[in-house]
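Worksheet for the structure shown next.
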Amino acid sequence: MKQAILQRLVRRIEGDDRGMALPLIAVMLVVLLGVSAFAVDLGWLYLNGARLQRGADSSALAGVVFLPGDTNGVDNNTLGAANANGFDIGSINGSPVAGGGPDDLDWRQLADNKLEVTLATQIPTFFVKLFGFDSFDITRVATAEYVKPVPIGSPDPCFGVGITSIQSGDCNPATAQRFWAAVSGPYTNKWNGDAHSTLFWDDDGTWNQESTNTEYRSDGYYLAVDVPSGVSDLTVRVYDAGFYNRASFDTETGDRTQDTGGGADTHFQMYRFDDTPLDPTNNVAITGCSVGTGVFNIAAEASSGTYKNNWVTLCRLSGAVAPGIYVVRVWTDGNDGGTNQFAVRANTASAANARVYGINDISIFTNQSGISTLHVAEVAQVHAGKTLELQFYDPGEDDQEAWMTVKNPGGSTATCDWVARNEAGTVVSSGSGACSIKTSAPPSLFNGLWVTAQVEIPDSYTCTTNCWWKMEIDNSQPHDRTTWAARIIGNPVRLVPNE
């Protein structure tokens, strides 16, 4: 009996696991608390990393438009964007900022239009302090790029050199550009080809100022003087700046009175670069020219001994020149009609040189017959996948068959969809496929019309040098005035992958 009781007691002791759950639960609670603590701090780290990335993105986007010449603007706007996102920056590029906190911001210029911003901060921890981690240092990088205005008309340090005899080694294109820069007086018929400097248009063969030009703008046209880094002694000159009536459109620059007559009072003014490179209308007039004043005001036929068939300095900036897109504006006023042709060039004393091209749109005049290949628009690789929109006002007036053909940088005829619209905006003709458009049958097919061609730039588009799309003009009549416009449809300021 005693032996049976003893055996049952031994079996009970050996098989009894009561009380074992408590230490297991204690161990699991420690593990769960550790994981939870780690999860809380990890989430906190992720949240602040996302905030820091947004701050870096905002800083890069805010500062990039001040490149390349306004480094103070980059400093102030990257700092302002960081502060707006909750980071009290203690320094910019190693220089202390008054009132700054422990956070840090650094930026570097990757190109004239590309900015890299690095934002760093220290994040305090919560539970992982128990494991000896009081804080984490985190860093985020963002790179922003702004798209410069689409250059129109010229890859050279000159714009509108119609004939070789005026180059004198100053502009250095391989051949003359075969067109003149142009502007018409306000009382010239828009249907002669200048879409924006004329007050009226007539379509009935008489000059009676029958209709108001709704596209008229008193500020005229804008040219870019695109100055890279490393330039010294910049000189901007204008050839044949005033209006001087010639015997015919084919003589020299081809200045001629038209319609109301009397010529055109012409004005030139140069402006400094600013932080809105796509908008040339708000730049500040330049001062401090060591030669010239940055302004020409030339009444028709005035000062012919100074300006006619001569290069005259508009402005010279001596010494190191801050890089950026400077602007030359040309416009006309008064109560006269006529067309004024001219050229603009920029020269430097350094190996680096400026480029001169049209911003948004240009008015040009050709007075050489035959096949001419003109530069339409420079399309960088950054525009892959976007749409290139080209517009031509009143193109191809000729007494025989005439054509205009858009060529891509490789020399092949581009593919496009195009429409022609009248003054009311009504589509009167259209086409698609190969972008070779017949402009005269004869007679002219697009007199007083805007022709708009849209070219889809493929996602696979690559181009690193000589990215100019061109216009091949085949005409027999030696003179034609037209207005061109070019733009890329897409976001002009964007974030890009970090380098």
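The values are calculated or read from the model by the stated rules, or taken from the named source; none is laboratory data. What you are looking at is a predicted structure, and each value in this text was computed from that prediction instead of being measured. So basically every Cβ, Gly included, is an ideal-geometry build from the backbone, and we count neighbours across all protein chains shown.
How many of the residues in the range 476-488 are in a strand (DSSP E or B) and either without any contact (Cβ under 8 Å) to a residue 60 or more places away in the chain or more than 16 Å from Glu145 (Cα to Cα) (or both)?
If we filter the range 476-488 for residues that are in a strand (DSSP E or B), which is where we start, we get 480-488.
If we keep only those that are either without any contact (Cβ under 8 Å) to a residue 60 or more places away in the chain or more than 16 Å from Glu145 (Cα to Cα) (or both) too, we end up with 480-487.
Residues meeting the conditions: 8.
Name every residue in the range 64-83 that is under 15 Å from Ser95 (Cβ atoms) and surrounded by 20 or more Cβ atoms within 10 Å (Cβ to Cβ), in order of residue number.
In the first step, residues of the range 64-83 are kept if they are under 15 Å from Ser95 (Cβ atoms); the result is 71-72, 74-76, 78-79, 82.
Answer for the range 64-83, where residues must be under 15 Å from Ser95 (Cβ atoms) and surrounded by 20 or more Cβ atoms within 10 Å (Cβ to Cβ): Val74, Thr78, Leu79, Ala82.
When you go through Ala351, Ala380, Ala346 one by one, which is the residue that is of a type in the set (Gly, Ala, Ser), more than 25 Å from Ser197 (Cα to Cα) and in contact with a Lys or Arg (Cβ under 9 Å, 6 or more places away or on another chain)? Outline the logic, then answer.
Values: Ala351 fails: in contact with a Lys or Arg (Cβ under 9 Å, 6 or more places away or on another chain); Ala346 fails: more than 25 Å from Ser197 (Cα to Cα).
Sole residue among the options that is of a type in the set (Gly, Ala, Ser), more than 25 Å from Ser197 (Cα to Cα) and in contact with a Lys or Arg (Cβ under 9 Å, 6 or more places away or on another chain): Ala380.
Scanning the range 40-57 for residues that are within 30 Å of Asn283 (Cβ to Cβ) and surrounded by fewer than 22 Cβ atoms within 10 Å (Cβ to Cβ) yields a single hit, Asp57.
Checking each residue in the range 241-254 for being at pLDDT 95 or above and either closer than 17 Å to Val312 by Cβ or surrounded by 19 or more Cβ atoms within 10 Å (Cβ to Cβ) (or both) picks out Ala241, Gly242, Phe243, Tyr244. The condition (being polar (S, T, N, Q), touching a strand residue (DSSP E or B) at 6+ places or on another chain (Cβ under 9 Å), in a strand (DSSP E or B) and touching a residue at least 60 places away in the same chain (Cβ under 8 Å)) is satisfied by just one residue among Thr253, Thr235, Thr260: Thr235.
Gln122 - would you say it is more than 21 Å from Gly324 (Cβ to Cβ) and surrounded by fewer than 20 Cβ atoms within 10 Å (Cβ to Cβ)? Yes, satisfied.
Among residues belonging to the range 54-106 that are assigned to a strand (DSSP E or B) and among the small types (Gly, Ala, Ser), point out the one that is nearest to Ala322 (Cα to Cα).
Filtering the range 54-106 for residues assigned to a strand (DSSP E or B) gives 89-92, 95-96, 103-106.
Within this subset, residues satisfying the condition of being among the small types (Gly, Ala, Ser) are 90-91, 95.
On the way: Gly90: 28, Ser91: 24, Ser95: 22 Å.
Checked the range 54-106; the qualifying residue nearest to Ala322 (Cα to Cα) is Ser95.
When you scan the range 347-454 for strands (runs of 3 or more DSSP E) that lie fully inside it, which ones turn up with 1 or more residues that are farther than 30 Å from Tyr271 by Cα and without any contact (Cβ under 8 Å) to a residue 24 or more places away in the chain? Let's see the steps before the verdict.
Values: elements: 355-358, 361-366, 370-378, 387-393, 402-407, 415-421, 427-434, 436-440.
The strands (runs of 3 or more DSSP E) meeting that bar are 427-434.
For the range 263-295, a residue qualifies if it is surrounded by fewer than 16 Cβ atoms within 10 Å (Cβ to Cβ) and in a loop (DSSP other than H, G, I, E, B), and the qualifying residues are Thr276, Asp279, Val284, Thr287, Gly288, Ser290, Thr293. Looking at the range 455-466, which of the residues that are part of a loop (DSSP other than H, G, I, E, B) and of a type outside the set (S, T, N, Q) is surrounded by the most Cβ atoms within 10 Å (Cβ to Cβ)? So the residue we want is Ile457.
Within the range 175-205, the set of residues being aliphatic (A, V, I, L, M) and either surrounded by fewer than 24 Cβ atoms within 10 Å (Cβ to Cβ) or not assigned by TED's automatic domain parsing to the domain that holds Arg345 (or both) comprises Ala176, Leu199.
Summed over the range 177-233, the residues that are more than 26 Å from Val327 (Cα to Cα) and among the acidic types (Asp, Glu) give a count of 4.
Being touching a residue at least 24 places away in the same chain (Cβ under 8 Å), within 27 Å of Cys289 (Cβ to Cβ) and touching a helix residue (DSSP H, G or I) at 6+ places or on another chain (Cβ under 9 Å) is a condition met by at least one residue of the range 205-219.
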